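Written below as structure tokens is the structure these notes are about.
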Amino acid sequence: MTTRGRLVSRLLALLIAVVGSVGLSALPATAGDTPTVPYVALGDSYAAGQGGGEYLNDCKQTLAGYPELLDSRKHIYLRANASCSGATTSDVIDTQVSALNERTRLVTLTVGANDLGVADVAAKCTADPTSTNCQLAIANAQSQLVLLAGSLSNVYTAVAAAAPRARILVTGYPYLFETHTPCLPTEAILCQINNATAALNQTIAGTVAAMPKRVNITYVDVTRAFAGHGIFSPDPFINATGDDAYHPNVKGYEAYAAKISTALH
């Protein structure tokens, strides 16, 4: 072998040794390794994925739910999905927070609508917009907002205490219907329902903003992701009929997952 050949061989051997050392000690975890972010999902039917296909259990969780979609992201490991259809803020504290621990690094939470009976409002008002039941349902939901703020604060405090090292992402809810601005007379009841959702989202966002700075919590607004995709639109992200009415469909949950993923960066 020539002098030049011996020199090249030595350099290659040195390079292989260096790369091998780096591969053992400094490279990030591969797909076969344990994911780096233990994740727990909490909340109601919107967190469970109701409306996204076949139910996995009595809580109406589906594979299309945003917790499952986030689990497929690199370095996120869904350690527990405690979300359940019908859950209220009290249910989250009483039955879901126990899924958290000090190793949890990511928590998502969608809750609050059931405290106000928003699904009941939508059902009664779309069935008969002029009925007394519709107006009473809207008034009752609005009257509960002050109480909801306190309940949400209790939930966020409990989550932060159970998972003190976690990042907490709290989502809002999409508007169910597409309406004009200003609202047309024929859309009056649809605008009232959307306004109820807006008030709910404002309460959630305001409560998140009021949490102590030591709590690593962020509000995730999904309304823009659903814009143009409400019930009765050409490309709806929300189911209009059946047992899953007023819940996102597969595209809707993909929109949820995309917004949450953006918030993580």
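Every number in this text was worked out from the coordinates using simple rules, so none of it is lab data. Bear in mind the structure is a predicted one, so any value in this text is a computation, not a measurement. Cβ atoms come from the backbone with ideal geometry, glycine included; neighbour counts cover every protein chain shown.
Only helices (runs of 4 or more DSSP H) whose full extent lies in the stretch 99-181 are considered here, and the ones with at least 1 residues that are of a type in the set (S, T, Y) are 118-127, 132-143, 145-162. A count restricted to the stretch 207-226 and to residues that are touching a residue at least 12 places away in the same chain (Cβ under 8 Å), within 17 Å of the chain's Cα centre (by Cα) and farther than 17 Å from G43 by Cα stands at 4. Within the stretch 112-130, can you find the residues that are without any contact (Cβ under 8 Å) to a residue 40 or more places away in the chain and in contact with a Ser or Thr (Cβ under 8 Å, 6 or more places away or on another chain)? Scanning the stretch 112-130 gives D115, K124.
Of all residues in the stretch 153-170, exactly one satisfies the criterion of being over 20 Å from P67 (Cβ atoms) and of a type in the set (A, V, I, L, M), namely A161. Looking across the stretch 227-254, the residues that are touching a residue at least 60 places away in the same chain (Cβ under 8 Å) and either assigned to a helix (DSSP H, G or I) or buried (at least 18 other Cβ atoms within 10 Å of the Cβ) (or both) come down to F237, I238, N239, D244, Y246, H247, P248, N249, V250, G252, Y253, E254.
Could you check, for the stretch 107-130, whether at least one of its residues is in contact with a Lys or Arg (Cβ under 8 Å, 6 or more places away or on another chain), under 27 Å from F237 (Cβ atoms) and of a type in the set (A, V, I, L, M, F, W, C)? Looking for residues that are in contact with a Lys or Arg (Cβ under 8 Å, 6 or more places away or on another chain), under 27 Å from F237 (Cβ atoms) and of a type in the set (A, V, I, L, M, F, W, C), one finds at least one in the stretch 107-130, hence yes.
I'd like to know if the stretch 98-108 contains one or more residues that are closer than 21 Å to Q50 by Cα and either of a type in the set (D, E, K, R) or touching an Asp or Glu at 6+ places or on another chain (Cβ under 8 Å) (or both). No, because not a single residue in the stretch 98-108 is closer than 21 Å to Q50 by Cα and either of a type in the set (D, E, K, R) or touching an Asp or Glu at 6+ places or on another chain (Cβ under 8 Å) (or both).
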